[in-house]
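See structure below.
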Amino acid sequence: MSLRQIAEQILQKTGLQRQLISVRPSYLRILINLSRVFAPHIPASNYWLDYLAADRICGLDSVPRVFHLQPARFSQKTEYLVGVDWQKSIRQEQATSQS
C-alpha cells in the first residue's frame, strides 16, 4: 500500500475531511526545516523522509517466518478508529502537553 492509500483509509474510517496533496521530497524537506522555525511544535522530522525514501519491500513470508505473526489486511484492522471524536481527542492532547 502506498502512504497515500493508508492516509485515505484512515481519513475514511475517522470521518475527517482533509485534502491530501502530493509534494516532492525535496520541497517537503524545505517545508519541514521552515516549520522548525515558524512552528516548532509540529512533530515533523527529516528522518521521516529518509525512511520513506528507502526501499522497504520484503518477501511475503518474512513476517510469519521471522516474527511468527499472521499479517492481516490493513482495511480490516482499522475499525477501532470509527466513532471516536478525533478532533476533541487532539485538542485534549494539545491542552495537556501545553500545561
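Bear in mind that the values in this text are calculations on the coordinates, not laboratory data. Since we're looking at a predicted model, the values are computed, not measured. Quick reminder, even Gly has a Cβ in these numbers, built from the backbone with ideal geometry, and neighbours come from all protein chains shown.
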Open item on the list: Can you give me the distance in nm between label points at H68 and R18, each placed 7 Å from the Cα along the Cα-to-Cβ direction?
Closed with: 3.7 nm
Open item on the list: Helix-only estimate, please: 222 nm mean residue ellipticity of the chain, summing -39500 (n - 2.57) across DSSP H runs of length 4 or more and dividing by its residues, to the nearest 500.
Closed with: -16000 deg cm²/dmol
- [ ] Sum up the charges of everything whose Cβ sits under 13 Å from the Cβ of P43, counting Lys and Arg as +1 and Asp and Glu as -1, but leave P43 out.
- [x] 0
Task: For a label point 7 Å along the Cα-to-beta-carbon line of A54, residues of the stretch 3-18 with backbone N under 19 Å - done: 3
Task: 15 Å beta-carbon shell around Q12, net charge (K/R +1, D/E -1) - done: +3
TODO: Mind checking the stretch 1-74 for trypsin sites (Lys or Arg not before Pro) that DSSP puts in a loop (not H, G, I, E or B) and that have at most 14 other Cβ atoms within 10 Å?
DONE: R18, R56, R73
